[in-house]
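A short worksheet on the structure shown next.
The values are calculated or read from the model by the stated rules, or taken from the named source; none is laboratory data. These numbers were taken from a predicted model, which means no experiment stands behind them. In this analysis, Cβ positions are derived from the backbone assuming ideal geometry, glycine residues included, and neighbour counts consider all displayed protein chains.
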Amino acid sequence: MWNAISQQLSDALGREFKIQQRESITGGDIHRAFKVADHHCSLFVKVNERDKLELFQTEALGLNLLNRSELIVPEVVAMGTTSDQAFLALQYLDLGNATNAQWYQFGQALARLHRDNAQSQYGFDEDNFIGRTPQPNRWQSNWSQFFAEQRIGWQLKLAQDKGHQFGNIDRWIEACAQTLRHHQPQPSLLHGDLWRGNLGFVEGQGALFDPASYYGDRETDLAMTELFSPLPQDFYRGYDAEWPIDKGYAKRKPIYQLYHLLNHLNLFGGSYLQQCQMQMQELFCDAH
């Protein structure tokens, strides 16, 4: 496998890339990951079964779009297959710590990414993945319908297929759409899966990776940062200084977080079921 990958890396770089060092990197639960190096540079290589190539293709598309921003985003070096494996090779990022001021600047930079990369509709040119879960991105002009149908409704249907019971899914979709019906935000380019494990700092400058990008409400990215382990307050202060956060965000945040909770239910199982059920009752009880 590594001989084939080395040859494809050589073709992509326009010079011979002979792997001198290879180090396994832990932390992800989808792909196997390695730091590989020759005498000139280091690369981050993800490997999975050959039929998982689509995960790498959609990740590369998201990375290339996010690369328009001032944030550091790993460059896509090569992508391909061997006889039985698929791989994605990226620029290796040497991540480090950050000061409060650098977190503030990260927040400002994310706000500019959201503000300056807009679309006229919600969605994406390709369906992609949130973790291992397929994520539909059919273009729609109405945000409440998009999020209710292609985010909450989609995850509920997947959960039902796995045996989790939520009752009449169409009624939950309608309840979600009703709750968001007066909110029609700018369709911003999103990271899509913005938690602590998918961001970092390179020499003090903010970096993004492992996206699940689409065009949608910028608040969904912020909501994800607050779900499991909120970022330092300087990050949110920086964001708000650059593009003030709408006062209605506090009410919408748990709806946007529900999408990720449902995804965790589908990925990791029933320990998330009660939390999802309780949150749905609390959020949509008036509309349902």
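Checking the range 262-275 against the condition returns no match, with no residue being out of contact with any strand residue (DSSP E or B) (no Cβ under 7 Å at 6 or more places or on another chain), in a loop (DSSP other than H, G, I, E, B), small (Gly, Ala, Ser) and touching a residue at least 12 places away in the same chain (Cβ under 8 Å). Taken as a whole, the condition of being at negative phi, assigned to a helix (DSSP H, G or I) and touching a residue at least 60 places away in the same chain (Cβ under 8 Å) does not apply to Ala212.
When the range 174-202 is limited to residues that are surrounded by fewer than 22 Cβ atoms within 10 Å (Cβ to Cβ) and part of a helix (DSSP H, G or I), the one that is nearest to the chain's Cα centre (by Cα) turns out to be Asn198. Within the range 203-260, the residues that satisfy the criterion of being surrounded by fewer than 17 Cβ atoms within 10 Å (Cβ to Cβ) and among the aliphatic types (A, V, I, L, M) are Ala241, Ile245, Ala250. Per the listing Ala148, Ala109, the residue uniquely in contact with a helix residue (DSSP H, G or I) (Cβ under 7 Å, 6 or more places away or on another chain) and at pLDDT 95 or above is Ala148. When the range 221-242 is limited to residues that are part of a helix (DSSP H, G or I) and aliphatic (A, V, I, L, M), the one that is farthest from Arg196 (Cα to Cα) turns out to be Ala241. One residue stands out among those in the range 17-56 that are among the polar types (S, T, N, Q) and outside any strand (DSSP E or B): the one that is surrounded by the most Cβ atoms within 10 Å (Cβ to Cβ), which is Gln20.
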